[in-house]
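The values are calculated or read from the model by the stated rules, or taken from the named source; none is laboratory data. Computed from a prediction, not measured in an experiment: that's the story for all the values here. All Cβ positions, even for glycine, are placed from backbone atoms using ideal geometry, and neighbour counts span all protein chains on display. Heads up: the accessible areas ignore ligands, DNA and RNA and are worked out on the full protein's heavy atoms, side chains in. Shrake-Rupley method; radii C 1.70, N 1.55, O 1.52, S 1.80 Å.
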Amino acid sequence: HFTINDLVKMISDKMNEKISLATVYNTVHAFEKKGYLKQIPINSNQTYFDTNVTDHHHFYDLKNEKLIDLENSDVGPINIKRKINGKKIKSVEVLVKLED
């Protein structure tokens, strides 16, 4: 799991060169559109990207800002009672926020 800022820092550290935030942003979103990455929004200003594009759940450690995978078998049945006319549920992904 990584944020775009994490990726910019990793590239800069490993290559010892600066890279444009826009270049990384555009590349990450191109990979996402192709289905190689999945976006995991944490809140309105923080999004992680996941290379595991299968349906699965996450813990999010608020203090350490770390996303941890949860397999489907780690979460019991979820009962969604509300329906939206003309729409069907494609998938359900649970985000459990953790604090100390």
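When the range 4-41 is examined, which residues are found to be open to solvent by less than 70 Å² (accessible area, probe 1.4 Å), outside any helix (DSSP H, G or I) and at pLDDT below 95?
Result: Ile19, Ser20.
Restricting to the range 43-69, and then to whatever is hydrophobic (A, V, I, L, M, F, W, C) and part of a loop (DSSP other than H, G, I, E, B), can you tell me which residue is nearest to the chain's Cα centre (by Cα)?
Among those residues, the one meeting the criterion is Val53.
Picking from Leu62, Leu70, Leu95, which residue would you name as being touching a residue at least 40 places away in the same chain (Cβ under 8 Å) and touching a strand residue (DSSP E or B) at 6+ places or on another chain (Cβ under 8 Å)? Talk me through it step by step, then tell me what you get.
Working: Leu62 fails: touching a residue at least 40 places away in the same chain (Cβ under 8 Å); Leu70 fails: touching a residue at least 40 places away in the same chain (Cβ under 8 Å).
Sole residue among the options that is touching a residue at least 40 places away in the same chain (Cβ under 8 Å) and touching a strand residue (DSSP E or B) at 6+ places or on another chain (Cβ under 8 Å): Leu95.
I'd like the full set of residues that are modelled with pLDDT of 95 or more, in contact with an Asp or Glu (Cβ under 9 Å, 6 or more places away or on another chain) and of a type in the set (A, V, I, L, M), limited to the range 63-93.
Leu67, Ile68, listed by residue number.
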